[in-house]
Amino acid sequence: MHKKILIADDEKNMIWAMKKALKNEEYKIITASNGVEAIEKVKTNEPDLVLLDLRMPKKDGMEALKEIKEFNTNVPVIMITAHGTMESAIEAMKIGALDYISKPFDVEELKLQIRKALDIGHMKEQIEFLTEELKDKTGKLIIGNSDKMKEVLAIVNRVAKSPATILITGESGTGKELIANAIHYNSERKNKPYIKVNCGAIPESLLESELFGHEKGAFTGATNRKPGRFERADAGTIFLDEVGELSPATQVKLLRILQEKEIERVGGTELIKVDVRVVSATNRDLKKMVEEGDFREDLYYRLNVIPIELPALRERKEDIPQLIDYFIQRYCKEMRRDKINISDDALEMLVNYNWKGNIRELENVIERLVILSQGNTIYRDDLPREILLQNKETCEFILPKEGINLEEVEKGLIQQALDKMNYNQTKAAQLLGITRHTLIYRMEKYNMK
């Protein structure tokens, strides 16, 4: 794909000269004749580089530079300067410009500066991507200020550097893998292998070979010796997700590793010593499985040396606004969109929703809302039908045993509607599902002003 370059200059001759100089280069050229247009073109065309004149009508280059950098800090900007504006060009570099080029420009120098700027822009994007990936690994993206999440993070902080086995429990979508990542990347083994295994995703016939390896000829298709995940994780950490799905036979072999620190490949006789920290996770009730005979009791206690239980999202509702804000920012950035806001009533409905799929479900909903949003605000009516329906159901009134004063309830609801709509009677009536005349009648009935 050709790199896009935005040239913003009010002099048509300058734009013509630059386009001619870059004619044989594989760039897509976009132009703007003033600062306001330049900002709009940055937002709509997402250029890889901006050449920005310092002196332009409507909004000068310095102001345009500030707004461009607020929108996209990574896009490189080269200022175009005329004689006598050098001080301004240097000032522009202090607030984010990468370089400057003087009028009249040298063609070869212009080409060289453009190539360098595009390389730097690409490097910045790569660095930002790797930084986000590192945050994800180290647990810095574990969002939550609720008491329950503070307790979880305090445990992670205390146990990360210990060699103890850890069992992370919680419903699907609560972030068990993020916690496992944080434990490994904050441990003494952070520079050693970190191997992840989804025990529920690998067929039982292959799981034993995947975990413990196999010798050549151990079974049909075993044409070579293959080390298993535990061998590959030696000196590091292995994360066993969905550990409750292990078969009884595999449970026995896992117990041996935890007790003896050694493995035996499928089809082999040699005992191989391994030094692996085991972090496991499950959305199942292992204690109940032990009682029902579906999970070995001795293995359960070996895995559960340090238990970490993650709360469901509905148990930490105070974290939902922060999570929503994070996901909106993330997906707006991915889609290179302006920041989208969320209305108070939409936010309230999202907070009150049950979130059976927890954070994963919330993330999917926010991603969908950002993709489908046509404006800069997400409103209540934009929310998925299942959220609107559940909120409607949860609003169903249950009559207490001792009874109620119906007039007091009605008066209270009218007052709430008026307060919510800043005493706009038409909107308050719509909110209550009655006509404005009916609202006025009832306000007079209850002597409400």
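The values are calculated or read from the model by the stated rules, or taken from the named source; none is laboratory data. Note that the structure is a prediction, hence the values are computed from the model and not measured. Don't worry about glycine lacking a Cβ; one is built from the backbone with ideal geometry, like all the others, and counts go over all protein chains shown.
Of note:
- Considered as a group, the residues in region 172-225 that are part of a loop (DSSP other than H, G, I, E, B) and of a type in the set (S, T, N, Q) include one that is surrounded by the most Cβ atoms within 10 Å (Cβ to Cβ), and that residue is THR174.
- Residue in region 223-242 that is at pLDDT 90 or above, touching a helix residue (DSSP H, G or I) at 6+ places or on another chain (Cβ under 6 Å) and of a type in the set (D, E, K, R) present: yes
- Residue within region 405-426 that is loosely packed, with under 14 Cβ neighbours inside 10 Å, over 44 Å from the mean Cα position of the chain (by Cα) and either in contact (Cβ under 8 Å) with a residue 60 or more places away in the chain or not in a helix (DSSP H, G or I) (or both) present: yes
- If you go through region 231-246 and keep only what is outside any loop (DSSP other than H, G, I, E, B) and more than 30 Å from the chain's Cα centre (by Cα), you end up with just GLU231.
- When residues of region 160-171 are limited to those that are touching a residue at least 40 places away in the same chain (Cβ under 8 Å) and assigned to a loop (DSSP other than H, G, I, E, B), the one farthest from LYS190 (Cα to Cα): GLU171
- Of all residues in region 293-303, those satisfying the criterion of being surrounded by fewer than 16 Cβ atoms within 10 Å (Cβ to Cβ) and assigned to a loop (DSSP other than H, G, I, E, B) are GLY293, ASP294.
- Any chance HIS184 is of a type outside the set (D, E, K, R) and modelled with pLDDT under 90: no
- Single match in ASP48, ASP53 (criterion: touching a residue at least 60 places away in the same chain (Cβ under 8 Å) and not aliphatic (A, V, I, L, M)): ASP48
Residue-by-condition table, conditions (1) β-branched (Val, Ile, Thr); (2) modelled with pLDDT under 85; (3) closer than 30 Å to LYS69 by Cα:
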| position | (1), (2), (3) |
| --- | --- |
| ARG360 | no, no, no |
| GLY375 | no, no, yes |
| PRO384 | no, no, no |
| THR394 | yes, yes, no |
| ASP419 | no, yes, no |
| MET443 | no, no, no |
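Yes/no matrix, rows are residues, columns are (1) surrounded by 23 or more Cβ atoms within 10 Å (Cβ to Cβ); (2) touching a Cys at 6+ places or on another chain (Cβ under 7 Å); (3) part of a loop (DSSP other than H, G, I, E, B):
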| position | (1), (2), (3) |
| --- | --- |
| THR31 | no, no, no |
| VAL36 | no, no, no |
| LEU51 | yes, no, no |
| LYS58 | no, no, yes |
| MET62 | no, no, no |
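- Index of the failed condition, ASN157 passing every other in (1) of a type outside the set (Asp, Glu); (2) outside any helix (DSSP H, G or I); (3) surrounded by fewer than 16 Cβ atoms within 10 Å (Cβ to Cβ): (2)
- Matching residues, region 254-285, being in contact with a Gly (Cβ under 6 Å, 6 or more places away or on another chain) and outside any loop (DSSP other than H, G, I, E, B): THR282
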